[in-house]
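Trainee: If you scroll down you'll find the structure; I have some questions about it.
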Amino acid sequence: MNTSRREILMGLFKDKFRTILQVKDTPHRIALAFAIGVFLGISPFLGLHYVGGFCIAWLLGLNKLVTLLGVSVNNPWTIVPLSSFCVWIGAKLIGIKQILPEVEWESVTLMNILGKFSDFHNFIEMVKQLWPLIASFFIGSLLISAISAVASYFIIQIIMARYKKTEDAA
(Lines give C-alpha, C1' and ligand atoms only; values in the text may rest on other atoms or scores of the structure.)
Protein backbone atom coordinates (compact mmCIF):
# COMPACT_ATOMS: atom_id res chain seq x y z
CA MET A 1 0.00 0.00 0.00
CA ASN A 2 1.49 3.28 -1.17
CA THR A 3 0.05 6.16 0.84
CA SER A 4 1.22 9.67 0.01
CA ARG A 5 2.25 12.16 2.64
CA ARG A 6 -0.67 14.39 1.59
CA GLU A 7 -3.17 11.58 2.24
CA ILE A 8 -1.66 10.94 5.67
CA LEU A 9 -1.85 14.65 6.59
CA MET A 10 -5.42 14.92 5.32
CA GLY A 11 -6.34 11.85 7.38
CA LEU A 12 -4.85 13.44 10.51
CA PHE A 13 -6.69 16.70 9.80
CA LYS A 14 -10.01 14.87 9.33
CA ASP A 15 -9.51 12.92 12.55
CA LYS A 16 -8.83 16.10 14.52
CA PHE A 17 -11.83 17.82 12.95
CA ARG A 18 -14.09 14.86 13.76
CA THR A 19 -12.91 15.11 17.36
CA ILE A 20 -14.06 18.74 17.49
CA LEU A 21 -17.44 17.87 15.95
CA GLN A 22 -18.08 15.25 18.64
CA VAL A 23 -17.59 17.65 21.57
CA LYS A 24 -20.76 18.20 23.56
CA ASP A 25 -20.64 21.94 24.21
CA THR A 26 -21.97 25.16 22.69
CA PRO A 27 -20.50 26.39 19.38
CA HIS A 28 -19.25 29.51 21.17
CA ARG A 29 -17.33 27.59 23.85
CA ILE A 30 -15.86 25.14 21.32
CA ALA A 31 -14.77 28.00 19.05
CA LEU A 32 -13.36 29.92 22.02
CA ALA A 33 -11.34 26.91 23.19
CA PHE A 34 -9.96 26.36 19.69
CA ALA A 35 -9.15 30.06 19.18
CA ILE A 36 -7.29 30.24 22.50
CA GLY A 37 -5.30 27.20 21.41
CA VAL A 38 -4.48 28.78 18.05
CA PHE A 39 -3.37 31.99 19.76
CA LEU A 40 -1.09 30.12 22.14
CA GLY A 41 0.19 27.77 19.43
CA ILE A 42 1.42 30.64 17.26
CA SER A 43 2.47 32.89 20.14
CA PRO A 44 6.18 33.55 20.71
CA PHE A 45 6.20 31.69 24.02
CA LEU A 46 8.03 28.63 22.69
CA GLY A 47 7.94 25.65 24.98
CA LEU A 48 4.82 26.85 26.80
CA HIS A 49 2.24 26.29 24.06
CA TYR A 50 0.74 23.00 25.25
CA VAL A 51 1.16 23.65 28.97
CA GLY A 52 -0.32 27.13 28.60
CA GLY A 53 -3.21 25.82 26.50
CA PHE A 54 -4.04 23.13 29.02
CA CYS A 55 -3.85 25.53 31.99
CA ILE A 56 -5.94 28.28 30.38
CA ALA A 57 -8.57 25.78 29.22
CA TRP A 58 -8.70 24.35 32.73
CA LEU A 59 -8.94 27.81 34.35
CA LEU A 60 -11.74 28.90 32.00
CA GLY A 61 -13.56 25.58 32.13
CA LEU A 62 -13.14 25.03 28.38
CA ASN A 63 -12.59 21.76 26.59
CA LYS A 64 -8.90 20.97 27.02
CA LEU A 65 -8.73 18.64 24.01
CA VAL A 66 -10.16 21.29 21.66
CA THR A 67 -7.71 23.86 23.03
CA LEU A 68 -4.79 21.48 22.50
CA LEU A 69 -5.99 20.79 18.94
CA GLY A 70 -5.85 24.55 18.37
CA VAL A 71 -2.33 24.66 19.76
CA SER A 72 -1.42 21.91 17.29
CA VAL A 73 -1.86 24.32 14.38
CA ASN A 74 1.81 25.07 15.01
CA ASN A 75 3.55 21.72 14.74
CA PRO A 76 6.81 20.29 13.38
CA TRP A 77 5.54 20.67 9.79
CA THR A 78 4.39 24.26 10.15
CA ILE A 79 6.75 25.83 12.70
CA VAL A 80 9.49 26.85 10.25
CA PRO A 81 7.28 28.53 7.63
CA LEU A 82 5.00 30.03 10.27
CA SER A 83 7.85 31.39 12.38
CA SER A 84 9.63 32.73 9.29
CA PHE A 85 6.44 34.52 8.23
CA CYS A 86 6.05 35.97 11.74
CA VAL A 87 9.64 37.26 11.71
CA TRP A 88 9.10 38.82 8.27
CA ILE A 89 5.86 40.53 9.39
CA GLY A 90 7.49 41.73 12.62
CA ALA A 91 10.48 43.14 10.74
CA LYS A 92 8.18 45.01 8.34
CA LEU A 93 6.16 46.43 11.24
CA ILE A 94 9.13 47.77 13.19
CA GLY A 95 11.12 48.78 10.10
CA ILE A 96 14.10 46.49 10.45
CA LYS A 97 16.01 46.10 7.20
CA GLN A 98 18.58 43.50 8.29
CA ILE A 99 17.21 40.94 10.70
CA LEU A 100 20.30 38.77 11.08
CA PRO A 101 23.81 40.06 11.75
CA GLU A 102 26.65 39.26 9.37
CA VAL A 103 27.93 35.76 10.11
CA GLU A 104 31.51 34.52 9.76
CA TRP A 105 30.59 30.96 8.86
CA GLU A 106 34.14 29.65 9.39
CA SER A 107 33.85 30.46 13.09
CA VAL A 108 30.49 28.70 13.56
CA THR A 109 31.43 25.58 15.50
CA LEU A 110 29.76 23.75 18.33
CA MET A 111 32.44 24.90 20.76
CA ASN A 112 32.06 28.56 19.75
CA ILE A 113 28.28 28.35 20.10
CA LEU A 114 28.56 26.72 23.52
CA GLY A 115 31.12 29.38 24.46
CA LYS A 116 28.43 32.04 23.99
CA PHE A 117 26.56 30.45 26.89
CA SER A 118 29.61 29.97 29.11
CA ASP A 119 29.67 33.43 30.60
CA PHE A 120 27.11 36.16 31.06
CA HIS A 121 28.96 38.81 29.02
CA ASN A 122 29.13 36.58 25.92
CA PHE A 123 25.47 35.70 26.29
CA ILE A 124 24.44 39.38 26.52
CA GLU A 125 26.52 40.18 23.42
CA MET A 126 24.80 37.37 21.52
CA VAL A 127 21.37 38.65 22.57
CA LYS A 128 22.30 42.19 21.45
CA GLN A 129 23.35 40.87 18.04
CA LEU A 130 20.19 38.81 17.68
CA TRP A 131 17.84 41.46 19.12
CA PRO A 132 16.38 42.47 15.71
CA LEU A 133 15.48 38.81 15.09
CA ILE A 134 14.05 38.34 18.60
CA ALA A 135 11.99 41.55 18.45
CA SER A 136 10.69 40.77 14.94
CA PHE A 137 9.70 37.25 15.99
CA PHE A 138 7.96 38.43 19.15
CA ILE A 139 5.96 41.25 17.52
CA GLY A 140 5.13 39.29 14.37
CA SER A 141 4.06 36.21 16.34
CA LEU A 142 1.76 38.19 18.61
CA LEU A 143 0.08 39.88 15.65
CA ILE A 144 -0.30 36.71 13.57
CA SER A 145 -1.50 34.71 16.58
CA ALA A 146 -4.16 37.34 17.37
CA ILE A 147 -5.40 37.50 13.77
CA SER A 148 -5.38 33.70 13.46
CA ALA A 149 -7.23 33.27 16.75
CA VAL A 150 -10.00 35.68 15.75
CA ALA A 151 -10.34 34.09 12.30
CA SER A 152 -10.35 30.55 13.71
CA TYR A 153 -12.98 31.52 16.30
CA PHE A 154 -15.42 32.66 13.62
CA ILE A 155 -14.67 29.73 11.30
CA ILE A 156 -15.13 27.09 14.02
CA GLN A 157 -18.15 28.87 15.50
CA ILE A 158 -19.94 28.95 12.12
CA ILE A 159 -19.06 25.32 11.36
CA MET A 160 -20.13 24.13 14.81
CA ALA A 161 -23.39 26.12 14.75
CA ARG A 162 -24.29 24.58 11.37
CA TYR A 163 -23.27 21.11 12.49
CA LYS A 164 -25.26 21.36 15.74
CA LYS A 165 -28.29 22.64 13.77
CA THR A 166 -28.20 19.64 11.38
CA GLU A 167 -27.54 17.28 14.28
CA ASP A 168 -30.58 18.62 16.17
CA ALA A 169 -32.76 18.35 13.06
CA ALA A 170 -31.80 14.69 12.55
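The values are calculated or read from the model by the stated rules, or taken from the named source; none is laboratory data. The model shown is predicted, which means the values in this text are computed figures rather than measured ones. Positions of Cβ are backbone-derived with ideal geometry, glycine not excepted, and every protein chain shown enters the neighbour counts.
Trainee: When you check ILE139 against the structure, is it part of a helix (DSSP H, G or I), under 22 Å from ILE79 (Cβ atoms) and among the hydrophobic types (A, V, I, L, M, F, W, C), yes or no?
Mentor: Spelling it out, ILE139 is indeed part of a helix (DSSP H, G or I), under 22 Å from ILE79 (Cβ atoms) and among the hydrophobic types (A, V, I, L, M, F, W, C).
Trainee: Does ALA161 satisfy the criteria of being within 21 Å of GLY37 (Cα to Cα), surrounded by 14 or more Cβ atoms within 10 Å (Cβ to Cβ) and not polar (S, T, N, Q)?
Mentor: When the stated conditions are applied, ALA161 passes them.
Trainee: Okay, next question. For region 71-120, how many residues meet the condition of being within 30 Å of ALA33 (Cα to Cα) and either assigned to a loop (DSSP other than H, G, I, E, B) or free of Cβ contacts under 8 Å to residues at least 40 places away in the same chain (or both)?
Mentor: 12
Trainee: Any residue in region 98-112 that is of a type in the set (A, V, I, L, M, F, W, C), surrounded by 10 or more Cβ atoms within 10 Å (Cβ to Cβ) and at pLDDT below 75?
Mentor: Yes, some residue in region 98-112 is of a type in the set (A, V, I, L, M, F, W, C), surrounded by 10 or more Cβ atoms within 10 Å (Cβ to Cβ) and at pLDDT below 75.
Trainee: Of the residues VAL38, VAL73, which single one is at pLDDT below 90 and β-branched (Val, Ile, Thr)?
Mentor: After ruling out the rest, the residue left standing is VAL73.
Trainee: Answer with yes or no whether SER83 is surrounded by 11 or more Cβ atoms within 10 Å (Cβ to Cβ) and of a type in the set (S, T, N, Q).
Mentor: Yes, satisfied.
Trainee: Contact list please: Cβ distance under 8 Å, first residue in region 42-57 and within 24 Å of ILE89 (Cβ to Cβ) and touching a residue at least 24 places away in the same chain (Cβ under 8 Å), second residue part of a helix (DSSP H, G or I) and β-branched (Val, Ile, Thr), pairs at least six apart or on different chains.
Mentor: ILE42/ILE144; HIS49/VAL71
Trainee: Another question, if that's okay. Could you list, in sequence order, the residues of region 36-67 that are of a type in the set (A, V, I, L, M) and within 11 Å of the chain's Cα centre (by Cα)?
Mentor: ILE36, VAL38, LEU40, ILE42, LEU46, LEU48
Trainee: Take VAL38 and tell me if it is in a helix (DSSP H, G or I), free of Cβ contacts under 8 Å to residues at least 60 places away in the same chain and either in contact with a strand residue (DSSP E or B) (Cβ under 6 Å, 6 or more places away or on another chain) or surrounded by 19 or more Cβ atoms within 10 Å (Cβ to Cβ) (or both).
Mentor: It is false that VAL38 is in a helix (DSSP H, G or I), free of Cβ contacts under 8 Å to residues at least 60 places away in the same chain and either in contact with a strand residue (DSSP E or B) (Cβ under 6 Å, 6 or more places away or on another chain) or surrounded by 19 or more Cβ atoms within 10 Å (Cβ to Cβ) (or both).
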